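**Student:** Quick one: structure below, then a few questions.
The values are calculated or read from the model by the stated rules, or taken from the named source; none is laboratory data. Keep in mind the model is a prediction, meaning the values are calculated, not measured. We place every Cβ from the backbone using ideal geometry, glycine too, and count neighbours over all the protein chains shown. Quick note on the areas: whole protein, heavy atoms, side chains included, nothing else; ligands and nucleic acids left out. Shrake-Rupley method; radii C 1.70, N 1.55, O 1.52, S 1.80 Å.
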Amino acid sequence: MKDRAALIKDLGRIFPPDRLLDSSAQLAPYESDGLTCFRSRPSAVVLAETQEEVIQTVRWCYQHSVPFMARGSGTSLSGGSVPVADGVVIALNRLSRIVQLDPVERTVTVEPGVVNLKVSEVAAPYNLYYAPDPSSQQICTIGGNLAFNSGGAHCLKYGMTSNHVLGIKAVLPDGEVVHFGGPSLESAGPDLTGFYCGNEGLFGVALEVVLRLLPKPEFFRTVMAAYDSMEAAGNAVTRIVSSGLLPGALEIMDRLAIKAAEAAVQAGYPKDAAAILIVELDGEKDAVESDYIRLSALINETGANTVIVARDTVERMKIWKGRKSAFSAVGRLSADFIVQDGVVPRARLGEALAEIERLSNIYNLRVANVFHAGDGNLHPLILYDGREEGALERAEELAGKIIKLCISMGGSITGEHGVGLEKKAYLPEMFSPVDIETMERVRAQIDPKFISNTGKMLPGGEAPALVIRGLHPLEKEGILSRE
Amino acid sequence: MLHKIQAEKFGSRGEGMAHAVEACVHCGFCLPTCPTYLTMGEEMDSPRGRIFLMKEVLEGNLSVDQAAPYVDRCLGCLACETSCPSGVRYGHLISPYRAYAQKNRKNNLFQKTFRWLLMESLPHPGRFRFLLQMAVFSRPLQGLLPRMLRSPLSLLPKTIPKEDDLPEIFPAKGDQRARVALLTGCAQQVLAPEINRATLRVLSENGVEVVIPKSQGCCGALAMHLGEVERAKISARKNLEVFENAGPLDAIVTNAAGCGSGLSEYRDLFHGEPEEERAKNLFALVQDVSLFLHNLGLKKPSGWPEPRKIAYHDACHLSHAQGVREAPRELLRSIPNLILMEPLEWEVCCGSAGTYNLEHPETADLLGQRKAKNLADTGADAVATGNIGCLVQVRNQLEKTGSNIHVFHTMQILEEAYRNGA
Amino acid sequence: MVAESTVFLPAEVDEAARIVRENRNLRPRGGGTKPALSSPLAEEHVVDMSKISGILEYSPQEFTISALAGTTIREIEDALAENGQYLPFDPPLATAGATLGGTLAAGLSGPGRRRFGGIRDFVLGVRFIDGWGNVVLGGGKVVKNAAGFDFPKLMAGSLGRLGLLTEATFKVFPRPHSTITLEVDCGSLAQALTGINYLNSLSIDLEALDLIPPGRLYIRIGGFADSFPKRIKRLQELLEHEGRLLENEVESQFWEQTKEFSWSSPEGFLVKIPMTLAKVEKFDEAMENYGLARCYSSGACLCWVAGKDSRHLPDIDSFLHSLDLTGLVLRGNVDYPILGAQKGLGFLRRIKEALDPEDRFLSFKETISESS
Ligand SMILES: Cc1cc2nc3c(=O)[nH]c(=O)nc-3n(C[C@H](O)[C@H](O)[C@H](O)COP(=O)(O)OP(=O)(O)OC[C@H]3O[C@@H](n4cnc5c(N)ncnc54)[C@H](O)[C@@H]3O)c2cc1C
Ligand code: SF4
Ligand code: SF4
């Protein structure tokens, strides 16, 4: 890689020395994202401060055929922001201007390094907020959210990131700068904005994003109900969803997750509960109050043993704080764990959880469950001891079993954390070779040299030579052989 | 996070270091509260990045010197501990790491001399005062000095306050409710003796008798943070003895947050050593004066005739290192006509951080300006805080912005609130 | 120059795939309710999807429904209604016979988009035949899914030019128990826009918020009827107008007519224009001068313009350009249905090249006058 090192020096034409990182100590901290079992060292990290610098870097990479990866805050949980080995990391956390906030159209244009929560902060004076709220919202960036189409606790009613992105300016992997979408909520022609979302960094780098803001809900009713069994909590969800109520959020945490969250932030969850359900109604006061009467009647019928209703914002935030720190808090129970992210049909939640429990017993590994029950989006956290011989492998195997379970139930291998490196191998279980081949083809048109976050999401395609373009797949009877 | 650190190789505190690394799940939740990440925006200068770097050094993949620039820039403010949901005890990693690094680095001579100078002066009130006088005297020559020495000078007060000889015992007013010893703090004594006076009066007003052992020395925090363990231990042993001989005590109160957390660290300093038990006993008694008063039950002050807006500034060594956040606020709130203001980014360090503003003046300045702005934005007339370092830093930074907001120790505000009624 | 146009009527997906492999210049058609998108021009062939129809999977507890592309919206809505559910994006032209595939390919949403979003926000999965003749699956059947590229969104508004939709899965919601509409005449367009802006800035859940120029607002709320009196009163106070209440039959009739564009003449043209509040006044003035009918929907994020004579379309096109707006012609005589400023053609052409390199389907153009 000596050549690469010499080549990297050339990036000095774009970046001053203090923003071109290439020593071991500078590169090491960029080796991992939120999933620490993958590591890979880039040749350089550039700290971009302007869009022009990003464009020039991408063009430089294209010219020299050097792979690159855009990085927000490196909180991906699927290995999505693990650097491409020997490639260039384009760090975007400093590319974080709020370009324009339009309170009348209720849109804000931001650069990709802006932190999710910051968007709501700048919108707050206008009584507006940015709805998608991943648990990592205080640190994850809009660029990362966009690339992963991140969700949050309030997706049930408000949708994912792509439902809130109206326009995008991006530099494609060969250096072309494109704009699409705009300030309107509607569009004419194919929804390119929506298609760009969730590309996992394979479509170049987003430089500017127009986001939609919503008026802050004027009223909340946040209820925490504790149950003696997971099943009872699951049934409560089914009842609530089928009653015609549409809560902003419907979340479940199990015993282990409750324990971890309590240790971390003292959210006031009953420590002996087998499961807790968090339901939040939001919106117009009179409508919420009217829904709330029905909700509490329902919850009373579901056999909850403790019901806590937040009386004010402080209490509401306390309930949420526990939920939002749950992932990291599990670090208190076990030094090592894998966060899994899968989706099952909502009506089969109970069945899925029972199966996960069975698997957990077989593998003799503890599994904590925190999940977006309203969406059927599971987040099993598989706890293991990395110092124990073979434990990681067992945990990975269990994680794989859970994902296969989701697929077999007609669900998805990821609800919001993306495919990244971690689930690449499972993509073919959800999609046929033809489907994947089609994705490859689109990718090849957008990134002809395969340099944009190479090696993520799509199973094949690391080596450009392997993808055969122009050959009609049906001539090969619909199956393209791939080494 | 998985690691291959052989804890035994790093002595009694190795286990603690390994634990901290293990507990870190790399989630990044600590990033937005870390002052260096906020100002520099690079992963090496974040808690998560530093943990990773220290791990690499302890595993033998990087040398101490390679990691040094980034680890050195850590303010030790421990905001990352407060914000970490995974319970990473960053302090258990950085302190022993610094001790280890200190021994294994190729220091540059200038920095070594500078640190030596600091350690030989700051902890010794007599020498420190002398040096200050010299420095104030030489202020006109500032331009001639190397940058590293120029910045500390700009932090100096215009005049050095008169020495204040404190009595050995300060009696309680009225019925005695408690008996405590006071750690006077070396720099504080020289720079702002009025803080100790105010503390004594407030304690006395609340029926507390205060012992001020004459032979107490520096708490050793400075040495500890610079990684000079042996030097720290010498100070610590001395203080253990002094406070053990101070008679029956309900508490050892500190009014300089840095010293308070310094005393609390004795436990870790002597981990696995003969003094451990005694250090634990001492630790059980150490309390910040605000917490002590809050637990005791504050006698209601009379307050002011007119409403006054006061912003509270969290000293890192109080709020993060000792977890004392609510007590001082409660005390202030109990003052009639005091309106307590909360600045944005309460958790972010002001850049003072012990001797940080002496060693990394530029970062310290950026942070100071950020803090000054947040405090000024509250619209407060004055700022209250619980640490001399912050007090000096915030005062200087506010002055620089042309603000006329005054900065006081929480005890000074309380004292005034009592005095008004008298 | 009237060249022969074939109409293919496949009964099976496989047959449709074969048609795609064997022909070029294909124009998919569902119910034919948007003739500007589905009527063939010279040398084009129609693939009529009406026989590839039927609901494939609908489990009410799941709140998702999958159906073949030729299934009519009406059929789907009827099935959903039996379980108190609905398509919240309120697909237009259902009574006229619009199909699921056609609605998705045209990317159309009705007044109900105001509450929870448009069709692109509700489509979860698609199956389509690309230009290679492959049946490709994108997305999934569960309400949340982040695996693979988001083909479902790409297909929303793809106008049958990126592939032939054969199947789609949608997320559905519980239908509000009751609805009620407040009609308020604000007197002028400016006043009405102020009213919309005000309502937009509050967290009030409106099922629909339409404006008929110059100043009539139609504000629809939904939920449990017991909350209505208070909520209506609040709206009246906020807007400082008593207004008039539309209830029951009259109310549903009104919205039904809105969705069917009953106010426009079936012989003339109809254009959809994504809009922003700030541009309404300027835009409306010009349309008024042309003597065209307008309706602003969903808090004015969307405008429908109708007129009798398609010769107005080039004017609208250049006017849209000047305002940096885009339009989609649903009815009317045009060679190319997208008017005004198109965005992202550079990106779109790459996708087209990947999915349909040999132009089995029609291509995308720079302008309405660009020749093929
Ligand atoms: C404790 C914890 C809780 C979490 N909770 C949630 C949750 O509730 N919901 C959820 O959805 N996710 C969650 N996540 C996952 C993660 O936070 C999200 O995926 C987030 O969007 C990543 O943002 P980031 O800024 O860290 O991006 P990074 O990790 O830096 O990057 C993620 C991907 O985005 C790409 N990328 C970044 N910026 C750009 C750009 N400008 N243009 C193109 N590509 C770009 C990168 O190449 C990479 O592939 C959680 C993570 C943690 C650690
Ligand atoms: S918050 Fe804690 S666990 Fe997360 S990265 Fe920071 S130190 Fe590690
Ligand atoms: S102690 Fe302070 S400066 Fe050091 S890493 Fe933690 S938050 Fe950052």
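**Student:** Pull up segment B:218-233, narrow it to residues that are assigned to a helix (DSSP H, G or I) and free of Cβ contacts under 8 Å to residues at least 60 places away in the same chain, then point me to the one that is most open to solvent (accessible area, probe 1.4 Å).
**Tutor:** Among those residues, the one meeting the criterion is B:Glu230.
**Student:** What number of residues within segment C:64-84 satisfy the criterion of being open to solvent by 10 Å² or more (accessible area, probe 1.4 Å) and in contact (Cβ under 8 Å) with a residue 40 or more places away in the chain?
**Tutor:** 5
**Student:** Name the pairs whose Cβ atoms lie under 8 Å apart, with the first residue in segment A:139-159 and away from chain B (no Cβ under 14 Å), the second of a type in the set (Lys, Arg) and open to solvent by 10 Å² or more (accessible area, probe 1.4 Å), and 6 or more positions between them or separate chains?
**Tutor:** A:Ala153/A:Lys324
**Student:** Which of the residues that make up segment B:319-331 are under 19 Å from B:Val394 (Cα atoms) and more than 14 Å from ligand 3 (Cβ to nearest atom)?
**Tutor:** Across segment B:319-331, the qualifying residues are B:Arg325, B:Pro328, B:Arg329.
**Student:** At least 3 residues that are more than 8 Å from every other protein chain (Cβ to nearest Cβ) in each: list the strands (runs of 3 or more DSSP E) lying fully within segment C:126-216 that qualify.
**Tutor:** The qualifying strands (runs of 3 or more DSSP E) are C:164-171, C:178-185, C:208-212.
**Student:** Go through (1) more than 7 Å from chain A (Cβ to nearest Cβ); (2) within 16 Å of ligand 1 (Cβ to nearest atom); (3) polar (S, T, N, Q) one by one and return the number of the condition B:Ser63 breaks.
**Tutor:** Of (1) more than 7 Å from chain A (Cβ to nearest Cβ); (2) within 16 Å of ligand 1 (Cβ to nearest atom); (3) polar (S, T, N, Q), only one is false for B:Ser63: (2).
**Student:** Filter segment A:328-352 down to the residues that are facing another protein chain (nearest Cβ under 7 Å) and assigned to a helix (DSSP H, G or I), then identify the one that is most open to solvent (accessible area, probe 1.4 Å).
**Tutor:** Here the residue is A:Arg332.
**Student:** Would you check which residues across segment B:45-59 are within 16 Å of ligand 1 (Cβ to nearest atom), over 14 Å from B:Ser86 (Cα atoms) and under 23 Å from the mean Cα position of the chain (by Cα) and list them?
**Tutor:** Scanning segment B:45-59 gives a single hit, B:Ser46.
**Student:** Return only the number of the condition from (1) modelled with pLDDT of 90 or more; (2) among the acidic types (Asp, Glu); (3) away from ligand 1 (no atom under 15 Å from the Cβ) that A:Glu351 does not satisfy.
**Tutor:** Unmet condition: (1).
**Student:** Restricting to segment B:317-375, give me the number of residues that are among the aromatic types (Phe, Trp, Tyr) and in contact (Cβ under 8 Å) with a residue 40 or more places away in the chain.
**Tutor:** Residues that pass the stated criteria total 1.
Residue-wise test of (1) within 12 Å of ligand 2 (Cβ to nearest atom); (2) more than 12 Å from chain A (Cβ to nearest Cβ); (3) modelled with pLDDT under 95; (4) open to solvent by 10 Å² or more (accessible area, probe 1.4 Å).
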{"residue": "B:Lys9", "(1), (2), (3), (4)": "no, yes, yes, yes"}
{"residue": "B:Leu38", "(1), (2), (3), (4)": "no, no, yes, yes"}
{"residue": "B:Pro47", "(1), (2), (3), (4)": "yes, no, no, no"}
{"residue": "B:Leu53", "(1), (2), (3), (4)": "no, no, no, no"}
{"residue": "B:Ser83", "(1), (2), (3), (4)": "yes, no, yes, yes"}
{"residue": "B:Ser95", "(1), (2), (3), (4)": "no, yes, yes, yes"}
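**Student:** At pLDDT 95 or above, surrounded by fewer than 24 Cβ atoms within 10 Å (Cβ to Cβ) and within 16 Å of ligand 1 (Cβ to nearest atom): is that true of B:Glu42 in this structure?
**Tutor:** When the stated conditions are applied, B:Glu42 passes them.
**Student:** Conditions: (1) within 12 Å of ligand 1 (Cβ to nearest atom); (2) surrounded by fewer than 24 Cβ atoms within 10 Å (Cβ to Cβ); (3) under 15 Å from A:Arg212 (Cβ atoms). A:Leu172 meets all but one. Number of the miss?
**Tutor:** A:Leu172 satisfies all of (1) within 12 Å of ligand 1 (Cβ to nearest atom); (2) surrounded by fewer than 24 Cβ atoms within 10 Å (Cβ to Cβ); (3) under 15 Å from A:Arg212 (Cβ atoms) except (3).
**Student:** Exactly one condition in (1) near ligand 1 (Cβ under 8 Å from one of its atoms); (2) crowded, with 24+ Cβ neighbours inside 10 Å; (3) not in a strand (DSSP E or B) is false for A:Pro190; which is it?
**Tutor:** Status for A:Pro190: all satisfied but (1).
**Student:** A follow-up question, please. Please go through segment A:141-160 and pick out each residue that is within 16 Å of ligand 2 (Cβ to nearest atom) and open to solvent by 10 Å² or more (accessible area, probe 1.4 Å).
**Tutor:** A:Gly144
**Student:** Ok, one more. Residues that are more than 22 Å from C:Lys153 (Cα to Cα): list the strands (runs of 3 or more DSSP E) wholly contained in segment C:1-118 that include at least 1 such residues.
**Tutor:** Correct list: C:45-48, C:55-59.
**Student:** Same structure again: Could you say which residue among B:Tyr312, B:Tyr356 is away from chain A (no Cβ under 14 Å) and either within 16 Å of ligand 1 (Cβ to nearest atom) or touching a Pro at 6+ places or on another chain (Cβ under 7 Å) (or both)?
**Tutor:** The conditions single out B:Tyr312.
**Student:** Hey, C:Met287 hits all of (1) open to solvent by 10 Å² or more (accessible area, probe 1.4 Å); (2) in a helix (DSSP H, G or I) but one; which does it fall short on?
**Tutor:** C:Met287 satisfies all of (1) open to solvent by 10 Å² or more (accessible area, probe 1.4 Å); (2) in a helix (DSSP H, G or I) except (1).
**Student:** Are any of the residues in segment B:35-58 closer than 19 Å to B:Lys106 by Cα and among the aromatic types (Phe, Trp, Tyr)?
**Tutor:** So far as segment B:35-58 goes, no, none of its residues is closer than 19 Å to B:Lys106 by Cα and among the aromatic types (Phe, Trp, Tyr).
**Student:** In addition: Within segment A:58-87, how many residues turn out to be open to solvent by less than 10 Å² (accessible area, probe 1.4 Å), within 12 Å of ligand 1 (Cβ to nearest atom) and not in a loop (DSSP other than H, G, I, E, B)?
**Tutor:** Matching residues across segment A:58-87 total 4.
**Student:** Can you tell me which residue in segment A:115-169 is nearest to ligand 1 (Cβ to nearest atom), limited to those that are in a strand (DSSP E or B) and under 30 Å from A:Gln63 (Cα atoms)?
**Tutor:** A:Thr141
**Student:** Related question: Filter segment B:13-36 for residues that are facing another protein chain (nearest Cβ under 7 Å), part of a helix (DSSP H, G or I) and within 25 Å of the chain's Cα centre (by Cα); which is nearest to ligand 1 (Cβ to nearest atom)?
**Tutor:** Filtering first and then ranking leaves B:Leu31.
**Student:** Which residues, taken from segment A:120-139, are open to solvent by 20 Å² or more (accessible area, probe 1.4 Å), more than 14 Å from A:Gln100 (Cα to Cα) and aromatic (Phe, Trp, Tyr)?
**Tutor:** A:Tyr129
**Student:** Name the single residue, out of those in segment B:174-217 being open to solvent by 20 Å² or more (accessible area, probe 1.4 Å) and polar (S, T, N, Q), that is farthest from the chain's Cα centre (by Cα).
**Tutor:** Residue satisfying both the conditions and the ranking: B:Gln176.
**Student:** All but one of (1) modelled with pLDDT of 85 or more; (2) within 12 Å of chain C (Cβ to nearest Cβ); (3) part of a loop (DSSP other than H, G, I, E, B) hold for A:Ile403; which doesn't?
**Tutor:** Here A:Ile403 clears every test but (3).
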